[in-house]
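These notes are about the structure you will find just below.
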Amino acid sequence: MNKKKEVETSVAFRIKSARKAMGYTQENLAEKAGISTRYLQYLEKDIHEPGSHVLNRICAVLHISSDHILSGEMNEFYKINSMVPYLSEDQRFMVEKLIFEFYKQNQIEKT
């Protein structure tokens, strides 16, 4: 595997990419996740691997699954969930209504 591909598939790369996608600085994410900025820097430089408790806190802040960080795979629920923070309150309300209508329709079809 070439070096660039290796880096792009690493836990470090996915943490850094997710942080940037959310618009957080290292300081912002570290504070919200309850870790030091230095430790986050080590994680993003692939010097350390996060423990499960740290990984779970980082993922909660970034609205992504630990499966995505560890394997790069993202199921449909987490893809949608990761987009929600970028929506306005009105847009989130409309999405919620739309999902509810689909849910009701599926319940009716099942009966």
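Quick note: the coordinates plus some simple rules give every number you see, no bench work behind them. Just so you know, these numbers come straight off a predicted model, no measurement behind them. Note that we place each Cβ from the backbone using ideal geometry, even for glycine, and neighbour counts take in every protein chain shown.
Tabulated data for the structure shown
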item	result
Translational diffusion of the stretch 1-73, µm² s⁻¹ [Kirkwood Rh, Cα pairs; Stokes-Einstein; 4 °C; 1.567 mPa s]	108
Nitroxide proxy distance, nm - points 7 Å out along Cα→Cβ at Tyr39 and Glu109	4.7
